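The values are calculated or read from the model by the stated rules, or taken from the named source; none is laboratory data. None of these values were measured; they are calculated from a predicted model. Here the Cβ positions follow ideal geometry from the backbone for every residue, glycine too, while neighbour counts run over all protein chains shown. Keep in mind that these areas ignore ligands, DNA and RNA; they rest on the heavy atoms of the full protein, side chains included. Shrake-Rupley method; radii C 1.70, N 1.55, O 1.52, S 1.80 Å.
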Amino acid sequence: MVACSRLESVLRAARRALSSSAGRRQRPLAAENPDRHRTAKSSFSCVQRIRQEQAKHSVLVACIRNVNENRFLKYLSQFGEVANHFFFDSRGTHAVVEFVDLQSVESLLSATRIPRDTDVFVVPYKSRYIKVKTADVGNPPPKCCPQSSIPINSLLMKLCAAENTEEQMLLLLDELQLTEDSLRLRYLVSSLMGDIATAYFPEATVQLYGSSVNSFGKMGCDLDLFLNLDIKESKPGKTTSAYTAEFWMRRMSSGRLAQQKILSVIGECIESFGPGCNEVQKILNARCPLIRFTHQSSGLQCDLTADNKIALISSELLYLYGNLDPRVRALVFTLRCWARVHGVTSYISGHWITNFSITLMVLFFLQKREPPVIPTLDQLKSLAGKNEKFIIDGQDCTFVRDLNKIGRSANTESLDKLLIEFLEFYGKFDFKTSCIDIRKGVEKNKPEAAALYIQNPFEQTLNISKNVNQSQVQRFVTLAQESAFILQDQVEKSRKKGKPWGLASILIAASSAKGTNNRKVIAAQIGDLLDSLRDSENAGKKQVEH
């Protein structure tokens, strides 16, 4: 348990350092304290309820770039107590403002006027996205929270200023993960889309799934939205009447056709009437029909689906794994960053390995350790209570939801060791005959020919990496072998002064695609940074001595 305790100490120290820097990142709600997973750890559904409630109490405000922050808040406070706020820049300055109660939101909207444009027709749709006009200028302007991840060159410099590889991995996690403010903005956008959907379907809700909620979301990642159209049927009381009543509803030949028509209508509404929504695409013939659009006001790329319950369950499963052990998320973020900078994964659709595949590969590896770092899905299923048993579309989606019911791993391996072991594990993995299955946690023969076979945890007949070709698998294997050699070589030798080391040494190699000169420039910049840090440290020591 020593290594795990040391890791959690490092996490707490890193968090204290971050909180002392004004405006720095905040950890997501469900991961504020790694010690909580031994006491009371929030469940996925509990976190969703809290976030959704925050979003309902919030408004999105467009304002002038150099608005006076204090007087801006004073103006809004006349409608009710402001619980939280932050500014961000997305084609202009915006603010997310959360009120303590819903009446304050209603009071603000009641006092908000209709635009006075005389040369155009204004669509009469009121939303919680408003504009505040004023000539009251602030000096300096309000600080805007970042909504995108740190550039790779800046990240490399920060990594080289760390003390060891484990600290580098935790620093990378802090720099890349979604901030508290980014999470609030994402739930608010989801809530605003829900307001549009309920105009047609009063009982509909729009929920987040994927990276935004599964604890593995990176700054700037897309926003995945699920239009939940489940209707709650009230239970009729006892009656002696011979009459019964039912709603008159349209019938359609299939659920897929209904989803396509519903999404088509919602897509038209978003495109025509949704404030801040642009570039709407209807991708209705995909395996899972969806509407893709840009929410320009937040800068988020959004995908809206109508029947994706298993994807929502998968998000909950990843959330659980991400919060079982503090090493899981740090390792996943490190390896996804490593894969992205080397072009193993890509934002563009094609034959590349996906982030989801990388994540499942990490989970499978952690299940294979001796002793395991995390349990298999079947083991989580065995811990499930009666109210945690779910069958969705004929698929068994049962697993324990209460994090506090899952025992702590006896594995005490450090992050840096796990990183090297992962690279060595997949550097010699038999991808030709074996498939990856986190439900059983064991290698087994592929059920069908595929360059990379990763079994879907719930829809077990599906291969989530079916798109990947042989050349991409070989590229991944070669990169894993090379990176393992670089890290192992550094363990045996002392790192050279002014040279990239540890995690930075296996990330900087990605710059080779842009030319040797660029790689030398980055290495020189990192060397300068290390020299300046060393000079500052020496100067501090001299002052103490005097």
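Structural remarks
- Kirkwood's formula applied to the C-alpha pairs of segment 246-399 gives a hydrodynamic radius of 18.7 angstrom.
- The residues Glu163, Glu448, sorted by heavy-atom accessible surface at 1.4 Å with ligands and nucleic acids left out, run Glu163, Glu448 from largest to smallest.
- Modelled label positions at Thr294 and Thr461, each set 7 Å beyond Cα in the direction of Cβ, lie 4.0 nm from each other.
- Loop-resident chymotrypsin sites (Phe, Trp or Tyr not before Pro) (DSSP state other than H, G, I, E or B) in segment 91-167 with no more than 15 further Cβ atoms inside 10 Å of their Cβ: Phe121, Tyr125.
- For the listed peptides 240-253, 364-377, 281-294, a ranking on the average number of other beta carbons within 10 Å per residue, highest first, reads 364-377, 281-294, 240-253.
- Taking only Cα atoms of segment 142-204, radius of gyration then Dmax in Å: 18.1, 56
- Three-way shape call for segment 76-144 based on the alpha-carbon gyration tensor, with the a/c threshold at 1.5: oblate
- A simple charge model with +1 on the Cβ of Lys and Arg, -1 on the Cβ of Asp and Glu and nothing else charged puts the dipole of segment 201-325 at about 460 debye relative to its Cα centre.
- Whichever aspartates and glutamates have a C-alpha closer than 18 Å to that of Lys309, once near sequence neighbours (fewer than 8 apart) are set aside: Glu203, Asp224, Asp230, Glu388, Asp393, Asp396, Glu459
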